[in-house]
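Here the structure is laid out as structure tokens; the discussion comes afterwards.
What follows draws every value from the coordinates through simple rules; no lab data is involved. This is a predicted model, so every value here is computed, not measured. For neighbour counting, all protein chains shown are included, and Cβ atoms are generated from backbone atoms with ideal geometry for every residue, glycine included.
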Ligand code: NI
């Protein structure tokens, strides 16, 4: 297994709609192992393949005892949408409250191509929605409005993540504090 580097906002792969997985085999299994190891290494609760530079419809998750991966997910969300804090490994050091439906059902397949249906509520439902957004080329900051949006855009510009030195620092910050739903996220 390998720990892969997490792509940061500004990288075009994060703005690209990811392609469905069609090849199920050892390479896919290795990719998912690497994603799991990377997610745990940076103390993330979810990781989408585009975040490690692979534009495929896959995400991994590990939150509140729920852990796994989903390939080619289809998501249905329902219920009211409380506003709760979120962060993202690809937008390190920031956290903002986002409204997301509290319930979600995700359908997809696992690494063997076998069908999966997972009904989620609470944080798991939020992780599914957040990671699904990544596969559509969206970031959680896209949901911000008004003053929060201005604050986020200012912070992202000031951070200049494209700079190599800043990227190293940002990765370090990301690994200690801004994992989505992480304890230090407030
Ligand atoms: Ni994210």
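Multiplying the residue separation of residue 17 and residue 74 by 0.36 nm and subtracting their alpha-carbon distance yields 19.1 nm. Estimated from helices alone, the mean residue ellipticity of the chain at 222 nm is -10000 deg cm²/dmol (sum of -39500 (n - 2.57) over DSSP H runs with n ≥ 4, per residue).
Among 60, 22, 38, the largest mean-square fluctuation in a Gaussian network model of the chain (Cα springs under 10 Å) belongs to 22. What does the C-alpha gyration tensor say about the overall shape of segment 44-120? Classify as rounded when a/c is under 1.5, otherwise prolate if a/b is larger than b/c, or oblate. Oblate is the answer for segment 44-120, as a/c is 1.5 or above yet b/c matches or exceeds a/b. If you sort the three axes of the alpha carbon gyration tensor as a ≥ b ≥ c, you get a/c of 1.5 or more for segment 1-49 and a/b no higher than b/c, which makes it oblate. Binning the C-alpha pair distances of the chain at 10 Å intervals from 0 yields a P(r) profile of 10, 40, 38, 12, 1 %, listed from the shortest bin outward.
If you bin every alpha carbon distance in segment 1-107 into 10 Å steps from zero, what whole percent lands in each bin? All Cα pairs considered, the percentages come to 14, 42, 38, 7, 0.
Largest GNM mean-square fluctuation among 37, 129, 51, using the chain with Cα springs under 10 Å: 37.
Ordering 134-140, 86-92 by mean Cβ neighbour count within 10 Å, with the highest value first, yields 86-92, 134-140.
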